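Laboratory data are not the source of any read-out in this text; all were calculated from the coordinates shown. Remember, it's a predicted structure, so these values are computed and weren't measured experimentally. Here Cβ is always computed from backbone atoms with ideal geometry, including for glycine, and neighbour counts include all displayed protein chains.
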Amino acid sequence: MHSFRYVQGRLNCESVDLEALAEKHGTPLYVYSKETITDHFKRLDHGMERLDHLVCYAVKANSNLAILQTIAELGGGFDIVSGGELFRVLKAGGQAGKCTFAGVGKTRGEIEYALQQGIYCFNAESEAELRLIDQVAGDLGKKAPVAMRVNPNVDAKTHKYISTGKSENKFGVDFDRVLDAYAAIAKDCPNLEIRGLQMHIGSQLTSIDPFVEAAKKVTPLVEALKERHNIQFFSIGGGIGIVYRESLDSGDQSWWGGKSDEERPLTIGTYANALVPILEPLKLRILMEPGRFMVGNAGALISKVLYIKQGNAKKFVIVDAGMNDLIRPVLYEGWHQITPLQKSEAKPELVDVVGPICESGDFIAQDRELTPVVAGDTLAILSAGAYGFTMASNYNTRPMPAEVLVDGKDAHLIRERQTLDDLIKGEHLVGESAEEA
């Protein structure tokens, strides 16, 4: 489900009017629905209930403390890819013992910090990394819980930048080398505790087939590792895709925009029904690492129309949200539904929705049908809860947007908009700093 819908012609998030939020907090503004996040977590958790399992939210999708707090209070774990993300999880009330640490380039400092905090497992991406973890653990007098990430060479059939399970991707250890690699570290690395195996084949998958192909290919490897090294868990990664075209009818409460089961590209029912029978015989703890699935449909970026520009070739709707606020359209060719906060029955026109950044790649949508708008109108860019703010920047020296979490009738400011002073915090003119390089 999602919680953005028109009520009496005004777009609401849960029971809060978005126009009122824009007036109070300004734009660009990220708004998230706690109801949607909670619903998606519970759907996945319930779908896998036949298994001993843990839902580890991928922090990189949206790392705001209040979002992490919501996941922690639901009993979730966390998939982290940096020491900074672990710091955030702990500040939000999450448990280090429910954190898996992924990523191909962990530093010594990050490994030390994670070991000191007592994380559940390092998901290592190379033998070289495992040997460094062994050395660091030895220096600290600790045993480091580890798993390898296997690259199953399965084509997820998603955008090339978010495909991670093919042999040409930088992630994981090649499938045919994993058993030898585990044997080597078991022999040579006394400060490591072999705890599991992990895989992740890509993001935004809308077909069950790649998940099934990868699971069937990797489970015999899991069984061999269980026999040889007594592993405790198998992490199947994340990647469950979301629907970017949402129904906004106030009478439609369905998560997939009112589509029938046959029309839905991938549901939790389909996902669980296909994977649970493959995983259940392993009798291991199963970890999942959803990110976009958990928060993608839960967020919208609210933006004000600044100007309308009619050119010879195109009509441009210039808004105050740019590629620095939402980079997905230019980086991933991501498609986001755009709708006015005030519902209109006017005939749509073909426009480009573009931002204020001095780049030709600064667009939210190109050749998009949009009901006519004028300067001062406010638009919602939907399904922006994942890889929106978390990938935002200060490019063109623009302050980062504010963030709001809606919970029923209540709206909580969970990140203040940056000020101009914030933009230069930590910088020094030559001669101003007390320290010399």
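Worth a mention:
- The range 361-428 versus the range 311-345: alpha-carbon centroid distance in Å: 12
- Here is the list for the range 1-94: trypsin sites (Lys or Arg not before Pro) lying in DSSP coil, each with at most 15 other C-beta atoms within 10 angstrom of its C-beta, are ARG50.
- Cβ-derived FRET efficiency at R0 51 Å, ARG285 paired with THR397, nearest 0.05: 0.60
- In nm, spacing of pseudo-spin labels at LEU132 and LYS187 (7 Å Cα→C-beta vector): 2.4
- You can think of it this way: the chain between ARG415 and GLU333 has 26.8 nm of extra reach, that is 0.36 nm per residue less the Cα-Cα gap.
- Relative contact order for the chain, counting Cα pairs under 8 Å that sit 6 or more residues apart, in percent: 20
- Using 0.36 nm per residue and subtracting the Cα-Cα separation, the extra length available between SER344 and ARG108 on full extension is 79.4 nm.
- Between 0 and 90 degrees, the angle of helix 268-279 with respect to the longest Cα principal axis of the chain falls at about 10 degrees.
- Kirkwood-Stokes translational diffusion coefficient of the chain, alpha-carbon pairs, 37 °C, 0.692 mPa s, µm²/s: 142
- Separation in nanometres of the label points that stand 7 Å from Cα toward Cβ, at ARG245 and ASP176: 4.3
- Sorted fewest first by neighbouring Cβ atoms within 10 angstrom, TYR32, TYR307, TYR182 come out as TYR307, TYR182, TYR32.
- Hydrodynamic radius by Kirkwood, which averages 1/r over all alpha carbon pairs of the range 297-423, in angstrom: 15.2
- The sum of -39500 (n - 2.57) across all DSSP H runs of n ≥ 4, divided by the residue count of the chain, sets its helix-only mean residue ellipticity at 222 nm to -8000 deg cm²/dmol.
- On Cα atoms only, tilt of 178-188 relative to the major axis of the chain in degrees: 60
- Exposure proxy ranking, count of Cβ atoms within 10 Å, fewest first, for PHE87, PHE389: PHE87, PHE389
- Here r is the Cβ-Cβ distance between ILE308 and LYS217 and R0 is 41 Å; the resulting FRET efficiency, rounded to 0.05, is 0.20.
- The order of the peptides 101-110, 422-431 by mean Cβ neighbours within 10 Å, most packed first, is 101-110, 422-431.
- Here the label points at HIS46 and LYS91, each 7 Å from Cα along the C-beta direction, are separated by 3.4 nm in the simple model.
- Per-residue Cβ neighbour rank within 10 angstrom, fewest leading, MET294, MET400: MET400, MET294
- 0 to 90° range, to nearest 10: angle between helix 34-47 axis and the chain longest Cα axis: 40
- Isotropically averaged projected area of the range 34-292, using the convex hull of Cα atoms (one quarter of hull area), nm²: 13.4
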